[in-house]
Amino acid sequence: MERVRLTNERIRNFKLNNKSSQLFLWDSEVPRLAVRATGGTKSFIFETKLNRNTIRITIGDTKIWSLEDARIEARRLAQLVDQKIDPRERAKELQRAKEKENSNRLALEIENERNKKFTLRALCMAYVEHLRNKGKIKSSRDCLSAFKVHVFKTPTADFPANEIKADQIANIVRQVYESGKHRTAGIVRNYLVSAYNSAKKAPYDPTILSNLIDFRITSNPAELVPSIAVNKGDRTLTDNELRGYMSSLTENNVDQLLWVHLLTGGQRMAQLCRVKVKDFDSSTGTLRLLDGKGRRNTLREHLLPLAPISKGIINELIVGAESGERLIFKVNARTAGDRVTEIRKTLNCPSFSIKDIRRTCETTLASMEISKETRAHLLSHGLGGIQDLHYDRYSYSKEKSSALIAWEKKLLQIKNNNKNLTYITDIKKIRKV
């Protein structure tokens, strides 16, 4: 059977024809998962064989289940089958086991579940949901990852959240710190502080999800744990290192993304990875990013009036692409980071990361006498104050455009070790230089 990588768009476009009563669209990423169209409905289904018998389980309606959750459920069912367990029989066994419990035991378990409901684990999950509700998708994922690895595996995770003491929070953070992950320890501590603060404010703040109210948090034990100072990054690339980095970039998708990242002054990689074709206005050469960094309730529109070189790269990338497609499909921030690490190893120089490249860009822009205010608007940071949020509505388009043109010229001079190099704007010629 033909398989494709399921996407939300493909699922939306998948329809039943007039010749069939049902059709299947099979996923290449999770081979036992498919979308089944029957009549006016589409559902995620799981199908496999066990003991030569076909097992088909409906996971749920595609309007209710997300693709990611459907894949997770399909993998769970596949694990059971791999263990020679029929998921249908397992479900029946669980149901029969529940039915055998006497009413008194059931009542006791219900009461125990009520007592266990508002644990530290549940508080963490509710806080993650709160972040998602505010549109902070990346922050919610990072937060959930930290909780899963460093909080949920501790006994304290299943204690009532409003009974936990500062020393228990300190023990969680200490375990991370003593494992050598100092920065991560500070991050875990800060996430716990934020989770407790959100629950503490929930009864009075209508912008916080109401499910946090039920935890009855009146104090924040995590605040009593001192914040962990971490050495701030100070690595910047030398001209020779930057020259080697640029010379290592090829024409593949990841390297094209790294080119755009560098040429635009070191924009946040996660935001660049999310850019869609429709976010580029070819008539004006303007690239639209959505910045959710910091304490923003809504994503901030960050417009970049691209200089000729980066504009040329993006014009190449969008040829034949659909409006709703991501500019560079299947490339994410982690892939880009791995590629930077790979390049760094070939250069045989001190370690550097994408953040160090961003720092190098701003440091060099400062040395070019690009004002701090222009750099802030160019790189979309430090714009959370009252003045920027409510009063300063100027777009800084001219300043950003001038800065990016000067920056591209500076990069060409560095790449060719020639301060007098003429500004080349033809991307094909640049790659040959």
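The values are calculated or read from the model by the stated rules, or taken from the named source; none is laboratory data. Please read all numbers here as calculations on a predicted model, not as lab measurements. Every residue, glycine as well, gets a Cβ built from its backbone with ideal geometry; the counts of neighbours run over all protein chains shown. For the accessible areas, the whole protein counts, side chains as well, though only heavy atoms, and no ligand, DNA or RNA atoms are used. Shrake-Rupley method; radii C 1.70, N 1.55, O 1.52, S 1.80 Å.
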>> Looking only at region 118-138, how many residues end up being of a type in the set (S, T, N, Q) and surrounded by fewer than 18 Cβ atoms within 10 Å (Cβ to Cβ)?
In response: 1
> Take the residues of region 8-28 that are surrounded by 13 or more Cβ atoms within 10 Å (Cβ to Cβ) and assigned to a loop (DSSP other than H, G, I, E, B): which is farthest from the chain's Cα centre (by Cα)?
Replying inline: L16
>> Pull out all pairs, ordered by first then second residue, where Cβ-Cβ is under 6 Å, the residues are six or more apart or on different chains, the first lies in region 313-331 and is under 12 Å from V275 (Cα atoms), and the second is open to solvent by less than 40 Å² (accessible area, probe 1.4 Å) and in a strand (DSSP E or B).
In response: I314/F280
>> If S283 satisfies all but one of (1) under 30 Å from N417 (Cβ atoms); (2) without any contact (Cβ under 8 Å) to a residue 12 or more places away in the chain; (3) not in a helix (DSSP H, G or I), what's the number of the condition it fails?
In response: (1)
> Quick one: T156 ticks every box in (1) among the β-branched types (V, I, T); (2) part of a helix (DSSP H, G or I); (3) open to solvent by 80 Å² or more (accessible area, probe 1.4 Å) bar one, so which box is it?
Replying inline: (3)
> Name the residues in region 29-47 that are open to solvent by 40 Å² or more (accessible area, probe 1.4 Å), of a type outside the set (S, T, N, Q) and under 12 Å from T58 (Cβ atoms), would you?
Replying inline: R36, K42, E47
> Which residues, counting only those in region 66-96, are under 23 Å from the mean Cα position of the chain (by Cα), open to solvent by less than 40 Å² (accessible area, probe 1.4 Å) and of a type in the set (G, A, S)?
Replying inline: A70, A74
> Which one is least open to solvent (accessible area, probe 1.4 Å) among residues in region 196-237 that are closer than 25 Å to R183 by Cβ and among the β-branched types (V, I, T)?
Replying inline: V225
>> Show me the strands (runs of 3 or more DSSP E) found entirely inside region 33-127 where at least 1 residues are out of contact with any strand residue (DSSP E or B) (no Cβ under 9 Å at 6 or more places or on another chain) and either closer than 30 Å to A166 by Cα or modelled with pLDDT under 95 (or both).
In response: 41-50, 53-61
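Per-residue answers, yes or no, for (1) open to solvent by 20 Å² or more (accessible area, probe 1.4 Å); (2) in contact with a His (Cβ under 9 Å, 6 or more places away or on another chain); (3) closer than 25 Å to G233 by Cα; (4) of a type in the set (S, T, N, Q):
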position: K116; (1), (2), (3), (4): yes, no, no, no
position: S145; (1), (2), (3), (4): yes, no, yes, yes
position: N162; (1), (2), (3), (4): yes, no, no, yes
position: D167; (1), (2), (3), (4): yes, no, no, no
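Can you confirm whether region 237-248 contains a residue that is over 21 Å from P155 (Cα atoms), out of contact with any His (no Cβ under 8 Å at 6 or more places or on another chain) and part of a loop (DSSP other than H, G, I, E, B)?
yes
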>> For a quick check of your reading: which helices (runs of 4 or more DSSP H) sit entirely within region 315-433 and have at least 1 residues that are surrounded by 15 or more Cβ atoms within 10 Å (Cβ to Cβ), modelled with pLDDT of 90 or more and among the aromatic types (F, W, Y)?
In response: 397-415
> Restricting the first residue to region 349-376 and requiring it to be closer than 19 Å to S402 by Cα, which pairs with a second residue that is of a type in the set (D, E) and at pLDDT 90 or above meet a Cβ separation below 6 Å and a spacing of at least six or different chains?
Replying inline: T374/E399; R375/E362
> In region 124-141, how many are free of Cβ contacts under 8 Å to residues at least 24 places away in the same chain and closer than 16 Å to T184 by Cα?
Replying inline: 2
